[in-house]
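Enquirer: Provided herewith is a single structure, encoded as structure tokens, for subsequent inquiry.
The values are calculated or read from the model by the stated rules, or taken from the named source; none is laboratory data. All values derive from a computational prediction rather than experimental measurement. Positions of Cβ are backbone-derived with ideal geometry, glycine not excepted, and every protein chain shown enters the neighbour counts. Only protein heavy atoms, including side chains, enter the accessible area calculation; ligands, DNA and RNA are left aside. Shrake-Rupley method; radii C 1.70, N 1.55, O 1.52, S 1.80 Å.
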Amino acid sequence: MQNESANMTQRNPTRTSRSQIAPPSHKDTNFFLESLFLGGEVFLAKKCQSLSFEVVIILAMLLFISFSAFAVEKKPEATAPDLLQHIKIIAIPSDEQGVFKTAAEEWRTKFSPDAQIVVDAKVQRRDGVFIISSSDSRPELVPAEANSSQNEWYFWQLLQYGSGQLIASRPSLLLAAIDMLQESLPTTDPKKIAAGVLVTTKFNIVVANDNFLTGRRGFLIDRDRRVQNDDLRLALREMAGIGATHVYVNELAQRMPFETGPDGEIYYRFYSYLPDFDQFTETKLNQGIYPREYLDANMQSLKFQAGLAESVGLTAGMHIANPRSVPEKLLERYPFLRGARVDHTFRAFQPRYTLTLAHPAVRWHYAQLLQNILREAPNIGFVKTLINDSGSGFEYTASLYPGRNGGPYIVREWQPDDVIARAAARNVVRYYHSLRDAAQEINPDFRIITGLKNIAEEAEIILEGLENGIDRSMRSQRSDVDNREAWLATMRKFEARGSYMFSDVNMRGSTYIPGIPAPWHAYNELQARVADGFKYLEVDFDTPYLVGKDINREVFRGFQFGQIADIDTYLANVAQKWLGAADGDVLNVWRLSDRAVQTAPTLILYGGLGFTWYRFWVRPFVPDIGKIPEKERAYYEEYMLSVFNNPHNIDFGADMLWQIHGKEESARTMQRFDEESLPALQAAIDAAGAALQKAASGSAQHDYLLSLRDRLHAYHAYQTTLRNICAWIAGVHGYLDATEPTEKAHYREIVREMVANELANTRRLLALWQTSKVDFMPVREDVETMHDYGPNFGELLKEKIALMEKYGDAEPSIDPDYMWRMPNEDRLQTEDYLHFK
């Protein structure tokens with residue numbers, strides 16, 4: 001045996017003695033075991049020739065015992081926490097695109113606190129290195145199943161010893177993935193962790209809209225502090241987390257626009273929202289028209305909010321009224337460039353005109369404006385246009401408020417209507433093509449989204465020109481085609497041309513009261529969009545800094561990422577996650593609130609924006625509004641969307657020459673409020689109050705229910721006021737039209753009940769305002785505007801109560817000649833001219 005040992009040493013002079021071999025580390029355990037097991041047969045085969053049979057048997061038994069010992073001691077498969085602790089480096093492809101840095105920092109905070117963040121676009125997967133990237137930056141890491149997906153996606157994988165990746169087709173989905181993983185990773189099957197998980201979205205583009213048209217930073221949070229930059233950042237982070245991809249970032253830096261108007265006019269107030277390109281920059285054509293400081297402030301605001309969006313991976317965009325009117329000073333400089341008159345002839349006291357887009361100098365001007373913006377804020381990737389409204393419009397289109405009109409370059413005079421319509425449509429298409437081409441010189445992925453509802457007469461011709469980055473926005477699904485297959489074929493045709501169909505969808509329970517739960521309604525709306533083939537959405541959300549926990553947003557997140565197998569189970573799980581409340585109390589409140597939302601009637605013009613425009617919460621509901629002296633009405637009429645002779649001032653059913661709501665329709669709508677939505681809403685309030693009584697003070701459930709209860713109270717006040725608008729129209733107009741005494745008495749009783757109902761409603765609303773710290777309505781920090789109430793809201797409610805107590809029992813009356821009145825009637829009396837009516 002000594003000779004054999006000597007011979008072996010001689011054949012392997014560098015061989016290390018057994019005492020010099022270090023024991024296998026934990027990392028090498030599997031390799032050691034595999035080597036021992038697989039190499040045993042070879043070892044025995046080589047040695048059996050020189051060893052006795054007994055020794056061979058003993059060695060075999062020892063080998064078996066050693067293998068068995070290792071097998072017994074083998075550790076279970078590594079769990080996520082085991083793997084995460086081995087991550088030492090988080091590698092990102094770039095720090096220029098802020099979302100990668102944001103994602104890496106969040107990953108480190110939530111999962112791997114000892115990891116170092118490095119910028120390395122070519123780092124290879126190895127032990128301790130976790131890669132966070134987009135598919136564009138690291139295409140070699142994209143799994144095959146993702147390459148074949150028609151939807152957006154993210155993919156994550158964790159391997160032994162801290163190796164792995166998180167990669168997404170859109171950068172914003174990185175943050176959504178981190179949120180999802182924080183909830184699911186601890187319980188994920190280790191086999192799935194190693195194999196990797198691909199998650200696809202239901203919708204490829206989601207434009208998130210918070211509907212704060214007049215400046216996000218001008219509003220109050222918790223009724224005592226102004227919205228700060230951190231609030232905006234966290235709100236955008238929430239949008240990325242729920243699966244949104246795009247957001248609007250353009251707003252004026254100041255509360256009021258540069259636009260002004262004559263005394264008594266209100267039309268200039270429309271220019272405070274959806275600011276057009278020329279509110280941010282200028283070209284040689286309009287240089288000096290707007291103050292440099294004004295443009296710079298707006299541009300800095302645009303760049304700042306676009307930067308916030310980029311930091312969370314969202315594509316920033318602009319929502320503009322375009323082409324909008326320009327100051328008369330510019331048209332005095334170039335009188336031959338005067339385009340369409342676009343103002344509303346009843347709301348405006350001076351005409352307002354656009355530049356004529358038919359002139360190449362004007363198309364150059366708008367192209368340069370857009371390119372200037374993109375050079376300053378290159379991460380702006382889309383624009384959506386509101387057309388033929390709010391001071392904007394296209395020449396010679398039929399739905400311009402003053403009717404078809406425009407400059408001298410589109411169509412000659414005395415042409416038939418169809419010829420004018422075709423010429424107007426071609427002008428629209430040519431303009432959009434010029435904007436798109438200019439934008440895509442800087443950003444090849446730039447898109448334009450336009451809605452054609454306001455120019456329906458020319459829409460068919462315009463649709464043929466939508467292609468390659470020019471998309472259509474629609475208010476409802478399948479609005480044009482009843483047959484499903486034909487509709488889907490239409491969508492495919494446009495998508496093949498590079499034009500997407502966007503559908504609007506509302507994830508807000510109320511268009512005015514933030515934070516009203518309607519999760520089943522939200523789920524049904526999303527299902528309908530999928531059933532109709534939509535992959536591109538514009539979604540209205542309640543903003544996160546006014547509504548922290550919003551079940552409607554949570555439903556969208558679950559739907560977007562395919563997490564909802566059963567909506568009832570999903571909602572129960574969310575309630576448990578948020579509040580530790582799986583006993584059904586919160587679910588019951590959500591269900592009752594949802595029923596109230598789904599059964600609530602819609603009042604055209606008077607809900608949403610119109611609710612504040614017409615000052616319904618602070619104006620008196622009395623049978624004869626005209627009986628109130630103008631000085632006593634001034635506190636609310638000053639900011640109302642109405643001029644001095646608009647019949648709406650004394651008649652809830654009218655606006656200018658329109659009958660907005662008739663008495664029969666209003667009577668039916670009032671009945672729906674009374675029999676359906678308001679009882680469900682009261683039941684929700686009662687259920688929230690009962691659950692609040694049971695919740696432990698200071699608990700998450702208590703705080704949530706307290707906030708929800710106050711929001712439901714506000715929503716009840718909102719719906720009650722809408723109901724009483726209908727009661728006013730049905731009662732007052734019914735009384736005036738009635739000829740029989742019994743019929744008049746019937747309508748007089750409706751009016752009395754309406755006054756008493758709204759008076760009690762206003763007193764409850766005032767009490768809520770005085771006691772609640774919940775953001776149950778948007779409130780501006782400084783003063784009220786036509787669009788929003790201010791901190792003086794409580795004082796306005798008191799004025800309303802006083803006037804209703806004073807004039808609430810008057811006989812119903814509406815002055816039929818109100819529209820023909822003149823201001824300052826001390827100079828010209830009505831009786832001087834009214835007989836010429």
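Enquirer: Measuring from label point to label point, each 7 Å out along Cα→Cβ, what is the Phe304 to Asn405 span in nm?
Expert: 4.0
Enquirer: Out of segment 275-329, which trypsin sites (Lys or Arg not before Pro) are coil in DSSP terms and have no more than 12 other C-beta atoms within 10 Å?
Expert: Lys284
Enquirer: Would you mind counting up the charge near Glu632? Only other residues with Cβ under 15 Å from its Cβ, with Lys and Arg at +1 and Asp and Glu at -1. Provide the component values of the computation, followed by the final result.
Expert: Working: positive: Arg615, Arg619, Lys627, Lys631, Arg633, Lys798, Lys800, Lys806; negative: Asp624, Glu630, Glu637, Glu638, Glu795, Glu799, Glu805.
It works out to a net charge of +1.
Enquirer: If I fit a long axis through the Cα atoms of helix 585-599 and take the longest principal axis of the Cα atoms of the chain, what angle between them do I get, 0 to 90°, rounded to 10?
Expert: Helix 585-599 sits at roughly 40 degrees to that axis.
Enquirer: If you stretched the chain out fully between Lys493 and Ala398, how much longer would it get, using 0.36 nm times the residue separation minus the C-alpha to C-alpha distance? Before the final figure, lay out each step's value.
Expert: Values: separation 95, 0.36 × 95 = 34.20 nm, distance 2.74 nm.
In short, 31.5 nm is gained.
Enquirer: At 25 °C and 0.890 mPa s, grab the translational diffusion coefficient of segment 118-244 from Stokes-Einstein with a Kirkwood Rh over Cα pairs, rounded to a whole number in µm² per second. Walk me through the numbers before you get to the answer.
Expert: On the way: Rh = 16.6 Å.
So the translational diffusion coefficient is about 148 µm²/s.
Enquirer: Can I ask one more? Please work out the FRET efficiency for the pair Ile604 and Gln770, using the Cβ-Cβ distance as r and a Förster radius of 35 Å; give the result to the nearest 0.05. Present the calculation step by step, with values, prior to reporting the outcome.
Expert: On the way: r = 32 Å, r/R0 = 0.93.
Efficiency, from the Cβ-Cβ distance: 0.60.
Enquirer: Can you pull the percent of the chain's accessible area that's carbon plus sulfur, 1.4 Å probe, other chains left in place?
Expert: On the way: 19160 of 37100 Å².
Summing carbon and sulfur atoms, their accessible area is 52 percent of the total for the chain.
Enquirer: Please sort 168-177, 664-673, 390-399, 197-206 by packing, taking for each peptide the average over its residues of neighbouring beta carbons within 10 angstrom, highest first. Intermediate values should be presented prior to the final figure.
Expert: On the way: 168-177: 26.2, 664-673: 18.1, 390-399: 24.5, 197-206: 20.7.
Ranked by mean Cβ neighbours within 10 Å, highest first: 168-177, 390-399, 197-206, 664-673.
Enquirer: Where only protein heavy atoms count, and the probe is 1.4 Å, what is the accessible area per residue for the chain in Å²? Spell out each step's value before the answer.
Expert: On the way: 37100 Å² over 837 residues.
Accessible area per residue, the chain: 44 Å².
Enquirer: Another question, if that's okay. Order of 183-191, 464-472, 490-498 by packing, highest average Cβ count within 10 Å first? Before the final figure, lay out the partial values.
Expert: Details: 183-191: 12.4, 464-472: 18.0, 490-498: 14.0.
Top to bottom by mean Cβ count within 10 Å: 464-472, 490-498, 183-191.
Enquirer: Provide the gained length on full extension for the span Asn792 to Phe336, in nm with one decimal, where the gain is 0.36 nm per separating residue minus the Cα-Cα distance.
Expert: Working: separation 456, 0.36 × 456 = 164.16 nm, distance 4.73 nm.
The span from Asn792 to Phe336 would gain 159.4 nm if fully extended.
Enquirer: Per residue, what volume in Å³ does the convex hull of the Cα atoms of segment 257-305 enclose?
Expert: Values: hull volume 4.4 nm³, N = 49.
It comes to 89 Å³ per residue, whole-number rounded.
Enquirer: Report the per residue volume, in Å³, of the convex hull enclosing the C-alpha atoms of segment 471-590.
Expert: In segment 471-590, the Cα convex hull volume per residue is 122 Å³.
Enquirer: Follow-up. Rounded to two decimals, what is the ratio between the C-alpha radius of gyration of the chain and 2.2 N^0.38 Å?
Expert: Details: Rg = 34.1 Å, N = 837, 2.2 N^0.38 = 28.4 Å.
This ratio for the chain stands at 1.20.
Enquirer: Let me ask something else about it. Would you mind checking the tilt of helix 417-442 against the longest principal axis of the Cα atoms of the chain, expressed as 0 to 90 degrees and rounded to 10?
Expert: So the inclination is approximately 40 degrees.
Enquirer: Between Glu485 and Lys837, how many nm apart are label points set 7 Å from Cα along the C-beta direction?
Expert: Distance between label points: 6.0 nm.
Enquirer: Next question. Rounded to the nearest 0.05, what FRET efficiency is calculated for Met819 and Asp437 with R0 set to 41 Å and r the Cβ-Cβ distance?
Expert: 0.30
Enquirer: Moving on. What is the dipole size for the chain, taken about its Cα centre, with +1 at each Lys and Arg Cβ and -1 at each Asp and Glu Cβ, in debye to the nearest 20?
Expert: So the magnitude is around 2440 debye.
Enquirer: OK, next. Using a basic spin-label model with each label point 7 Å from the Cα along Cα→Cβ, how many nm lie between Gln116 and Thr739?
Expert: A separation of 9.4 nm, rounded to one decimal place.
Enquirer: Next question. Taking only Cα atoms, what is the 0 to 90° angle, nearest 10, from helix 741-771's long axis to the longest principal axis of the chain?
Expert: 50
Enquirer: Further question: By how many nm would the segment from Ser184 to Thr830 lengthen if fully extended, with 0.36 nm per residue of separation less the alpha-carbon distance? Don't skip to the end; give the middle numbers.
Expert: Working: separation 646, 0.36 × 646 = 232.56 nm, distance 7.38 nm.
Roughly 225.2 nm would be gained on extension.
Enquirer: Mean residue ellipticity at 222 nm from the helices of the chain, using -39,500 (n - 2.57) per DSSP H segment of n ≥ 4 over the full residue count, to the nearest 500 deg cm²/dmol?
Expert: -14000 deg cm²/dmol
Enquirer: What does the highest-first list of 525-533, 140-148, 244-252 look like by mean Cβ count within 10 Å? Mind showing how you got there, number by number?
Expert: Working: 525-533: 16.9, 140-148: 13.3, 244-252: 25.4.
Taking the mean over residues of other Cβ atoms within 10 Å, the ranking is 244-252, 525-533, 140-148.
Enquirer: While we're looking at this one, here's another question. Please name whichever of Pro139, Gln85, Val119 sits farthest to the positive end of the charge dipole of segment 74-148, dipole taken about the Cα centre and charges placed at Cβ: Lys and Arg +1, Asp and Glu -1.
Expert: Going by the Cα projections, it comes out as Gln85.
Enquirer: Which entries of Lys663/Lys806; Lys101/Lys191; Lys110/Lys191; Lys493/Lys535 have Cα-Cα distances beyond 18 Å here?
Expert: Where the Cα-Cα span goes over 18 Å, the pairs concerned are Lys663/Lys806; Lys101/Lys191; Lys110/Lys191.
Enquirer: Suppose R0 equals 30 Å; then what is the FRET efficiency for Tyr161 and Ala565 from their Cβ-Cβ distance, rounded to the nearest 0.05? All intermediate terms of the calculation are to be shown ahead of the outcome.
Expert: Numbers: r = 34 Å, r/R0 = 1.15.
Efficiency computed from Cβ-Cβ geometry: 0.30.
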